[in-house]
Each structure stands twice: as structure tokens, then as C-alpha cells.
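Notes for the one structure printed next.
The values are calculated or read from the model by the stated rules, or taken from the named source; none is laboratory data. This structure is a prediction, so every number in the text was calculated from the model and none was measured. All Cβ positions, even for glycine, are placed from backbone atoms using ideal geometry, and neighbour counts span all protein chains on display. Side chains included, ligands, DNA and RNA excluded: accessible areas come from the protein's heavy atoms. Shrake-Rupley method; radii C 1.70, N 1.55, O 1.52, S 1.80 Å.
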Amino acid sequence: MNNWRELILKELIPNVARLTLIADPDALLLEEKILDEIGRRGFELITFEDHVIFRYTYESKFRSRWDRGDESTSSVIVRCASQGFDDLPYDLFQSGRKLSFSLSDLFPTLSYYVVSALDIAYLDPLFDAQIKYTPGQLGDEATKDFILRHVFEIAPELIKEPKDLLGVLLRRHYRQEQQIPAILDERFIRVLRQKEEFKDWPLEVIVPDSQEFFAFLQERWPVFLSYLAKQEKAEPYDESDHDFEYPGPAVLPFDHQDIRVYVDNLFAEGLLKP
């Protein structure tokens, strides 16, 4: 399979059954491309939520026409937002074709608990990584590491110096569209806390929160300029001579080549103030 949608769509064959019941606890059928393809194949999707509203819609729009022999009426997919069909009316359960799709079907070797925390937009790169790297059975922590590395391009074990961490956080927060689940941030922070280099960094606020991260950088920017000025004059610099809101190192490596590529844009876009 080239992508995870094919695992679902290969089962949705037009004209196989007028009524298909699908257990969809992870809302996979509601993904935009899946919805478009379901419609293109001539299906109409109804989510079973309220018994009365569903019964009225189903009876008036579909079953009454089928009973009259109207073959032009669309085939129907009834989506159940649970793992089974226990809440469905008995007559539907008896007559419908039954299917089930979940994240555990798509990612059988990864932790369901961790994968289910991801936004559905990240299933594509995760599915690609699963095919490319064929991981064995992974527990919660190993799944977190796998996702951090292959979906969000974060390898905590390779972060050894301030420039490494700043580079990762700049890539994350400057993009800003990344939606990294809290359980992955917690794992990332826990690994960093094991390293002496980052023991006094305010990781719990600057890792998940863009505004806090840029406020942290803003607080350090004038300090960095002062540090450069003293270097030019060959004067000693005392890092302890500051009253910071955010703990951590006084001087950040704004002049490192991996960080400098962001600095101009941060000022130009108003994320930092000169």
C-alpha cells in the first residue's frame, strides 16, 4: 500500500452492498481525502449518533426508496464512532455489511495510545516511516521516539549542545503549524533533562509554547549583544550579572551558523524586537 487510505478504500467497493456498517473509533472516515473518495464512489456517509434523527434520515431518505425498488438511491455507509456496533438498531445490524477500521489496523506494531494522540494530518509521514523502517513491536516510549524522529524530525539523543536545542526549537516554533502532542513533548523534555547541559533550561515552557520560547530568546538578545561588545573590547564578561525571568544560560549562541539563518527573519516578522 502506498498510503494508509488505500487500506480503507480497497474495502469500499461500489455496488457490493447498499448498506455498509463501519466501526470507526478514530474518525478515519472523516479525513478530507477519504470523504472525497467515498463521495466519488457513490456512497453517502451517515454518522450514527442520535437514534431518532438517524432513524428519520435513514427511513425517509434511503430505506423507503429501496423498498419502492428505486435503484438510483446511493449506497449508504453508516459510521459508528465506537469500536463495535452495539448501539445500532437490530434491523441495520442484521442487514448491513460490516467493516471496522482503526489506528491499530494501520499501525499494528506501534503503541495505539501514542499514535491516537497524533493529529490525523501526521498519519501520512508516520505510515511512510513504518514502511521504510519496518520497526518491530514498539512500546509506548519507543513509539514516542520513533514518531519524534521520523514525523517531527527530532532526535533527542543527538541534541548535545545549546545550538542543537535552539535549532530544533526554532524549526518547530518558526513553522508554528506543527501540532506535537503533549505526550511527545513530555518524552522529549524527559530525555533532555537527563543531560547536564540542559538541567537549568526552562524546558517545560519553551518546548511546547511558541510565545514563551520567543520571550526567552528576546530576554537573551540584549545580553548577547552586551557579550559581543565586551568581547570586542577584550573585557571579562560576568554571566551571573543578570536578573532573568526565564532560567537557563545567560548567553545563547545567536551567532552560530545554524541559528543565524533564522535570526533575520525573526526580527523581520516581529517575533523578536531589536
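Please identify every one of the GluC sites (Glu not before Pro) in the range 127-171 that sits in a loop by DSSP and has no more than 14 other beta carbons within 10 Å of its own beta carbon.
Values: sites: GLU141, GLU153, GLU157; in loops: GLU153.
Those satisfying the criteria are GLU153.
All other residues whose Cβ lies under 15 angstrom from that of GLU212 are scored, Lys and Arg at +1 and Asp and Glu at -1, for a net of -3.
A cut-off of 5 Å between modelled amide H atoms, ignoring neighbours fewer than 5 places along the same chain, links LEU21 with VAL78, ARG97, LYS98, LEU99. Multiplying the residue separation of ASP128 and SER100 by 0.36 nm and removing their Cα-Cα distance gives an extension gain of 7.9 nm.
Based on DSSP H runs of at least 4 residues, each adding -39500 (n - 2.57), what is the mean residue ellipticity at 222 nm of the chain after dividing by all its residues, to the nearest 500 deg cm²/dmol? Write down the numbers at each step before the final one.
Working: 14 runs with 128 residues, N = 274.
It comes out at -13500 deg cm²/dmol, rounded to the nearest 500.
Only sites in a loop by DSSP and with at most 15 other Cβ atoms within 10 Å count here; which GluC sites (Glu not before Pro) in the range 172-274 make the cut? Passing both the DSSP loop test and the Cβ count: GLU177, GLU239, GLU245, GLU269. One decimal place: the segment GLU235-ALA17 gains 70.3 nm when fully extended, by the rule 0.36 nm per residue minus the C-alpha distance.
Amide H to amide H, with H built 1.01 Å from N, LEU45 comes under 5 Å of ILE77, counting only residues 5 or more places away or on other chains.
Scan the range 1-63 for trypsin sites (Lys or Arg not before Pro) in coil per DSSP, keeping those whose Cβ has at most 15 other Cβ atoms within 10 Å, and list them by number.
LYS10, ARG41
Are any of the pairs LYS132/LYS199; LYS10/LYS98; LYS160/LYS230; LYS132/LYS160; LYS163/LYS273 more than 24 Å apart by Cα-Cα distance, and if so, which?
LYS132/LYS199; LYS160/LYS230; LYS132/LYS160
Taking GLN130, GLN194, GLN179 in turn, the Gaussian network model of the chain (Cα-Cα springs below 10 Å) assigns the largest fluctuation to GLN194. Spin-label model, ALA182 to GLU269: label points 7 Å out along the Cα-to-beta-carbon direction sit 2.6 nm apart.
Expressed as a whole percent, the accessible area of the range 39-197 that falls on carbon and sulfur atoms is 48 (1.4 Å probe). For TYR174, put the label point 7 Å out on the Cα→Cβ axis and report which residues of the range 142-168 keep their amide N under 12 Å from it. Zone members listed by number: 166-168. With R₀ set to 35 Å, the beta-carbon distance separating LEU30 from HIS256 gives a calculated FRET efficiency near 0.20. Of the residues ASP91, ASP128, ASP264, the one that moves most in a GNM of the chain with alpha-carbon contacts below 10 Å is ASP91. Computed on the Cα atoms alone, the convex hull of the range 136-232 gives a volume of 110 cubic angstrom per residue. Computed over the chain with a Gaussian network model linking Cα atoms closer than 10 Å, the most mobile of LEU110, LEU228, LEU21 is LEU228. Across all C-alpha atoms in the range 79-142, the radius of gyration and Dmax reach 15.3, 45 Å.
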